[in-house]
Every structure is written in structure tokens, then in C-alpha cells.
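The values are calculated or read from the model by the stated rules, or taken from the named source; none is laboratory data. Since the model is a prediction, treat every value here as computed from it, not as a measurement. Cβ sites come from the backbone with ideal geometry, for glycine too, and all protein chains shown count toward neighbours. Calculation scope for accessible area: heavy atoms of the full protein, side chains included, ligands and nucleic acids excluded. Shrake-Rupley method; radii C 1.70, N 1.55, O 1.52, S 1.80 Å.
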Amino acid sequence: MSLLVVGSVAFDGIESPYGKVERTIGGAATYFSVAASFFAPVHLVGIVGDDFTDVDTKIFHGRKIDIEGLERAPGKSFFWAGKYSENLNDRTTLTTELNVFADFKPKLPEKYRKSKFVFLANIAPDLQRDVLQQVTKRPKIAALDTMNYWIEGSNADLLKTLKGVDILMINDSETRQLSNEHNLLRAAKRIFKLGPSTLIIKRGEYGAMMVDKRGAFCVPAFPLEEPHDPTGAGDSFAGGFMGYLASVGNKSDISLRRAMVYGSVMGSFTVEKFGLDRLKTLKTSEIHARARHFAKLTQFTL
Ligand code: AMP
């Protein structure tokens, strides 16, 4: 089953203790699409400027990513720059330039409108809602990611969009900010009142936690000796998670738990190198080998 995503397709500037790049391809929807395409065909909705060349578009070629919904407009592409702390756990945003996204009015190609799995990657909440409303039948799963930039700047819009969403997938500080609650389980209860019935909290090197009415389920992050750049790890997690669900076509508890593992697997590959470098060379066999490694990592008897 194909998977629809809307979100930023961007140029990023990244600074980590392991190096610095002034301008590389990034964007939430880019990381998501590349990660998810290992599992299921992806339909991408977004916009780039005329600075996004045919060479840049190559990131989507040779993968199961349909870019009919990727509009090209005069002007500059979304640009984001961030800097990581020594231990890579904290990130400061240095620049966010919406550019062509400021006036983007997405129009879904006909074949995208029947999508059963929809991911509203990080971008303006009104754009996310606009895309969701163009999907003709209620999807099996609509999931959403957002960040402090939108929680602070477009809160009312975000609350409106959340009403139509099944799964909210955000990090721990965003969870606390959105819910005004420090404890993550209590935060989940507040978030359930906003619309989503499942909350997935991405916790960087501490893994990820899924909370729904049945309780909580946790996966670790894959222990890496040399993480280089966490940019896009959350989007890659979402790509592995949603891609896996679209590949099995259901949202049973067992599938959701396996999807959490594939999410963590994809996030772990992304942080191994800068930007999209590791995902570019990744092979399906490596994904499955790491998933098996996760099973070993968490196996125990009582
Ligand atoms: P992550 O590290 O998973 O939070 O995602 C990083 C990606 O999100 C980068 O490639 C950025 O281009 C993109 N990004 C950063 N800020 C925003 C924003 N306000 N809206 C949409 N995308 C963003």
C-alpha cells in the first residue's frame, strides 16, 4: 500500500562536533520518503524553489518515491540551519527560512487521494490539514509530526489539525511543551484529548515510547559508538514506522510494535553519517540485519 507524505523538502546547514556542512539536501519529508521507500511506495507532496536542481532531485530517483506532488516554484527552497551540543543531545536552531513554503497551496495529484497511510511530516499545520482534507476516504492511519517552531507560532492551527490525526509522533520536549505537562504518561493523557489516540515520543539516544489506551511500549535506540549527526533521525524513524505499517497494511498491536523497531532501526542508520549520506548507501539486507540485532538487544527471560 502506498504512503502519502507532506512536509519540508529543504536545504540544511548542519554543525556538529564531527563537522560542518553549509548546505546539504534535507527536510523532514526528504528523510521520511527515503527511509519509508525501503518498505513501501511513497507519494511525496511538497515544494522546492528553482535553486533545487535536477542533480538535487536525484535523491528521490531509483527509489519507490513518486514526486508528481513535488512542486517547483520560482524562489528559494526551505532553508534550515542548526547546531548540536558536544554530546549531540541538544540542538539550537540557527535559521528557519520558509521561502517557497510560505505561499504553498498543495494540490494532490488524483492518484494520491486514495492513500490509506498518511504522514503529515513537519511543516505548517494548516498545510498538513489541507493535505489531509484532500484525501477522499479516511485513511487507516494519519500520523503527524511537528516541532517547537509550529507549537509556538501556529498553536491554534496545530490544535485544529490534531483533531483529524490518529498518531502524534514528536520528541520529549515537544510533548512537554504541547501538553504543559512534564510527566510523559500524564502528557499522553492530555494529548489524547486533543485528537490522537496514540502518542509516540522520540527520545533520541534513549529510544522511543509508544503510549495508547493499552499502555506503553518502549524500544531502545541502537547503541552506536560514533553517532555523527542526529539531523533527520526523527523523520527517518517516522519513515521506518509508517513504511513498515504500509507494507503490512494493518495497525494491529503486533504490527505497531514491529513498526517501532523498524523506526528505531532507520533512525539509527541516519545518525551514523552526516545528512542523508548513510541512507543513500543503505541496503535492505542491512535493515533486516539490524532489526534482528534489536531482537537480541532486548531479549530476556523471567
Ligand atoms: P529532525 O532532526 O528529525 O527534527 O528533522 C530535521 C529536518 O527538519 C531538517 O532536515 C530540516 O530541514 C527540517 N526542519 C527544521 N525545522 C523545520 C520546520 N520548522 N518546519 C519543517 N521542517 C523543518
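What range in the chain is the longest one free of chymotrypsin sites (Phe, Trp or Tyr not before Pro) that are in a loop by DSSP and have at most 16 other Cβ atoms within 10 angstrom?
Between exposed loop sites, the widest span is 19-299.
So with the 1.4 Å probe, I'd like the accessible area per residue for region 179-228, rounded to whole Å².
Accessible surface, normalised per residue, equals 59 Å².
Taking the Cα centre as origin and putting +1 on Lys and Arg beta-carbons and -1 on Asp and Glu beta-carbons, what dipole magnitude results for region 51-117, to the nearest 20 debye?
460 debye
Charges only on Cβ, +1 for Lys and Arg, -1 for Asp and Glu: so what's the dipole of region 100-256 about the Cα centre, in debye to the nearest 20?
Taking the Cα centre of region 100-256 as origin, the dipole is about 1100 debye.
Ordered by residue, what ³J(HN,Hα) values in Hz, to whole numbers, does region 291-302 give under the Karplus form 6.51 cos²θ - 1.76 cosθ + 1.60, where θ = phi - 60° and Gly and Pro are x?
4, 5, 4, 4, 4, 5, 4, 10, 7, 7, 10, 10
Percent of accessible area on region 1-136 owned by carbon and sulfur, 1.4 Å probe?
That share works out to 49 percent.
Can you tell which of PHE119, THR24, ASN250 lies farthest toward the positive end of the dipole of the chain, using +1 and -1 charges on the Cβ of basic and acidic side chains (Lys, Arg; Asp, Glu)?
Of the options given, the answer is ASN250.
Over region 223-302, what percent of the accessible surface lies on carbon and sulfur atoms, probe 1.4 Å? Provide the component values of the computation, followed by the final result.
On the way: 2020 of 3750 Å².
The computed percentage sits at 54.
Determine the percent antiparallel among the DSSP beta bridges restricted to the chain, to the nearest 5.
Numbers: 21 of 51 bridges.
Counting only bridges with both partners in the chain, antiparallel ones make up about 40 percent.
Antiparallel DSSP bridges in region 33-169: what percent, to the nearest 5? All intermediate terms of the calculation are to be shown ahead of the outcome.
On the way: 6 of 17 bridges.
Looking only at bridges with both residues in region 33-169, the antiparallel portion is about 35 percent.
Residue by residue through region 182-194, what is 3J(HN,Hα) from phi via Karplus (6.51 cos²θ - 1.76 cosθ + 1.60, θ = phi - 60°)? Round to whole Hz and write x for glycine and proline.
So the Karplus estimates, Gly and Pro as x, are 6, 5, 5, 6, 5, 4, 4, 4, 5, 5, 4, 6, 8 Hz.
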